[in-house]
1. Loop only per DSSP, at most 13 neighbouring Cβ atoms within 10 Å: give me the trypsin sites (Lys or Arg not before Pro) in region A:38-145, ordered by residue number.
2. Could you tell me what percent of the DSSP beta bridges with both partners in chain A are antiparallel, to the nearest 5?
3. How big, in percent, is the set of alpha carbon pairs in region B:1-90 lying more than 17 Å apart?
4. Find out how many positive minus negative residues lie around A:R111, taking Lys and Arg as positive, Asp and Glu as negative, among other residues whose Cβ is under 11 Å from that of A:R111.
5. At q = 0.15, 0.18, 0.30 Å⁻¹, what log₁₀ I(q)/I(0) does a Debye calculation on the Cα points of region B:51-108 give, no solvent, two decimals?
6. Longest span of chain B, sites excluded, free of GluC sites (Glu not before Pro) in DSSP loop with at most 15 other C-beta atoms within 10 Å?
7. In what order do B:H39, B:H138 fall by count of nearby beta-carbon atoms within 10 Å, going from fewest to most?
8. In whole Hz, what ³J(HN,Hα) sequence does region A:74-89 give by Karplus (6.51, -1.76, 1.60; θ = phi - 60°), x for Gly and Pro?
Amino acid sequence: MTVYNLYIYNRAGTLIYYQEWSRKKPMTMSLEEESRLLYGMLFSLKSFSNRISPLDVQEGVQCYTTNKYKMTLFETPTSLKFVCNTDVNAPGVNEMLQKLYTQVYVEYVIRNPECKPAEPITSELFKAKLDETVRMSPAFSSKAA
Amino acid sequence: MNRSVDPKKVNSELFTLTYGALVVQLLNDLESVEDVNKHLDRMGYNIGVRLVEDFIARSSADKCYDLRETADKLQAAFRMYLGISPSIANWAPAGDEFSLMIDTNPLTEFVELPDTCSNMRYSAILPGMVRGACEMVHLEVSFSVK
């Protein structure tokens with residue numbers, strides 16, 4: 001049960017933070033290309049699922065699962081997106097992402113006058129706190145699946 | 001005298017005095033009242049942009065589906081951050097305009113404007129904040145203080 005990696009996108013769709021904990025397969029393209037590909041896919045998926053929805057009001061896409069991994073998306077009302085790849089059985093990823101938002105992002109990025117909200121996050125404190133929060137969450141354990 | 005001090009709370013008088021000092025300093029630096037108004041509005045905008053994320057995080061707010069929900073959330077935010085409870089009134093017939101009535105503005109306690117500054121919108125930081133906050137949640141607003 002483990003968390004593979006995490007992407008954070010701002011409202012313009014630019015990747016402002018990326019971290020990985022374990023990635024067995026090496027990256028087939030540069031981080032920038034991969035992030036744009038991921039964002040484009042999520043945007044299309046969201047738009048598609050909203051249009052095809054048989055019901056009225058809804059939260060939107062939350063996650064998709066393949067036989068090897070699960071990708072969870074958490075989006076705030078300000079269009080900030082947290083995307084996380086975990087193994088298939090990881091519990092509570094959505095809660096973990098919400099916690100990351102309220103306890104780590106808001107505290108260490110929003111309250112930091114040096115960090116401009118739409119730009120890539122370079123704060124070491126944020127990195128440390130994010131790492132700590134992810135490691136403490138139930139979705140993460142030291143045994144890789 | 002035993003007073004339990006909550007490190008997150010600040011004395012409201014300190015807040016009022018700080019804001020007053022800020023406006024006075026801006027007046028000294030910029031000299032023109034219009035410039036001060038614009039500056040306050042811009043500062044409010046920057047604050048609002050960040051404050052809205054904090055508000056969403058604290059109140060776990062969801063997307064608002066119409067303006068009435070937005071009005072309620074604004075009311076909750078004023079209560080959370082300034083400790084005042086504005087009332088909502090004067091809904092326009094089209095439902096796209098409303099007024100927030102504030103009884104006692106914590107920013108203007110102890111303040112008297114001299115005649116030279118009659119054009120100044122002292123609380124201009126508040127409309128800026130609301131505008132910044134709403135823009136981050138994709139809602140374009142115009143907000144004015146009367």
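What follows draws every value from the coordinates through simple rules; no lab data is involved. Everything quoted here is computed from the prediction, not taken from an experiment. Glycine also receives a Cβ, built like all others from the backbone with ideal geometry; neighbour counts cover every protein chain displayed.
1. A:K68, A:R111, A:K143
2. Around 100 percent of the beta bridges assigned by DSSP in chain A are antiparallel ones.
3. 66 percent
4. Values: positive: B:R50; negative: A:E107, A:E114, B:E53, B:D54.
Computed value for this residue: -3.
5. -0.48, -0.68, -1.23
6. After excluding every exposed loop site, the longest remaining stretch is B:32-96.
7. B:H138, B:H39
8. Working through the residues one at a time gives 10, 10, 8, x, 8, 6, 8, 10, 10, 10, 9, 9, 10, 6, 4, 9 Hz.
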